[in-house]
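Chemist: Supplied in structure tokens, the structure appears directly below.
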Amino acid sequence: QKEVEQDPGPLSVPEGAIVSLNCTYSNSAFQYFMWYRQYSRKGPELLMYTYSSGNKEDGRFTAQVDKSSKYISLFIRDSQPSDSATYLCAMKGAAGNKLTFGGGTRVLVKP
Amino acid sequence: ETGVTQSPTHLIKTRGQQVTLRCSSQSGHNTVSWYQQALGQGPQFIFQYYREEENGRGNFPPRFSGLQFPNYSSELNVNALELDDSALYLCASSLATGLEEKLFFGSGTQLSVL
């Protein structure tokens, strides 16, 4: 079993809809949680960075972390065709320096 | 754009050869990490360099090695290439503060091993 599980999709939504993404994890030592967006043939781009449990909002993006359930979510409001990409969750512990990634969810926003 | 640049963008090698990939980190960053991303999968941590020393390593064999230079740029070397080494190799730079450490990735080098 992988440390971080993420549905590969694809997740197809109409333009303007809310995109809901999530990851589950098994390592209770994870304390920092990130979401990256990756376009085809490009490197991952950091979207959201959250420490411990709680919610964080930045523009159209909201990240939620529930450490008790080992479950994190990313919501994208008013989705646009330009949001079509692969979304990767990543996490790390308080000690150590490596990120552990999920496999990514491919999102398609149709005009 | 993150300011992290990688070269070359694409590379084709044959099995058994050696390859060197290069990375220039974002201005002000002192830490470089390397990740391998196979097609359809998330990136896997190879190793990290801080102040020219290896500072953590993932589950990769010794034929994967690296260097960090005084200007914080870095190289990833892979010896005795295998077909399974075909992947996107990502470099990420960060500023080690002991607290939050955000990684910013370059666009990667696509390596194909034939």
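Read the figures in this text as sums done on the coordinates, not as results from a lab. Here the structure is a predicted model, which is why all the values come from computation and not from measurement. A quick note on method: Cβ atoms are made from the backbone with ideal geometry, for glycine too, and the neighbour counts reach across all protein chains shown.
Chemist: Which condition does B:L111 not pass, out of (1) in a strand (DSSP E or B); (2) more than 14 Å from B:Q6 (Cα to Cα), if it passes all the others?
Modeler: Checking B:L111 against (1) in a strand (DSSP E or B); (2) more than 14 Å from B:Q6 (Cα to Cα), the one that fails is (2).
Chemist: Would you confirm whether or not the range A:34-43 contains a residue that is within 14 Å of another protein chain (Cβ to nearest Cβ), in contact (Cβ under 8 Å) with a residue 24 or more places away in the chain, over 25 Å from A:K110 (Cβ atoms) and outside any loop (DSSP other than H, G, I, E, B)?
Modeler: yes
Chemist: How many residues does the range A:89-103 hold that are of a type outside the set (A, V, I, L, M, F, W, C), under 17 Å from A:A63 (Cα atoms) and at the interface with another protein chain (Cβ under 7 Å from one of its Cβ atoms)?
Modeler: To start, the set of residues in the range A:89-103 that are of a type outside the set (A, V, I, L, M, F, W, C) comprises A:92-93, A:96-98, A:100, A:102-103.
Still in the list and also under 17 Å from A:A63 (Cα atoms): A:92, A:102.
If we keep only those that are at the interface with another protein chain (Cβ under 7 Å from one of its Cβ atoms) as well, we get A:102.
The qualifying residues number 1.
Chemist: Can you pull out the strands (runs of 3 or more DSSP E) entirely within the range B:1-72 that have at least 1 residues that are touching a residue at least 60 places away in the same chain (Cβ under 8 Å) and surrounded by 15 or more Cβ atoms within 10 Å (Cβ to Cβ)? Reasoning before the result, please.
Modeler: Details: elements: B:5-7, B:10-13, B:19-24, B:31-37, B:44-50, B:53-57, B:64-68.
Result: B:5-7, B:10-13, B:19-24, B:31-37.
Chemist: Checking the conditions here, which among A:V13, A:V4 is among the β-branched types (V, I, T), over 21 Å from B:S94 (Cα atoms) and more than 14 Å from chain B (Cβ to nearest Cβ)? Give the steps one after another, and end with the answer.
Modeler: Values: A:V4 fails: more than 14 Å from chain B (Cβ to nearest Cβ).
After applying the criteria, what remains is A:V13.
Chemist: Same structure, new question: Check whether at least one residue in the range A:49-69 is within 14 Å of chain B (Cβ to nearest Cβ), within 22 Å of B:G56 (Cβ to Cβ) and touching a residue at least 24 places away in the same chain (Cβ under 8 Å), and report yes or no.
Modeler: No, every residue in the range A:49-69 fails to be within 14 Å of chain B (Cβ to nearest Cβ), within 22 Å of B:G56 (Cβ to Cβ) and touching a residue at least 24 places away in the same chain (Cβ under 8 Å).
Chemist: Another question, if that's okay. Could we say that B:N77 is part of a strand (DSSP E or B), surrounded by fewer than 16 Cβ atoms within 10 Å (Cβ to Cβ) and more than 13 Å from chain A (Cβ to nearest Cβ) here?
Modeler: Numbers: part of a strand (DSSP E or B): yes; surrounded by fewer than 16 Cβ atoms within 10 Å (Cβ to Cβ): yes; more than 13 Å from chain A (Cβ to nearest Cβ): yes.
When the stated conditions are applied, B:N77 passes them.
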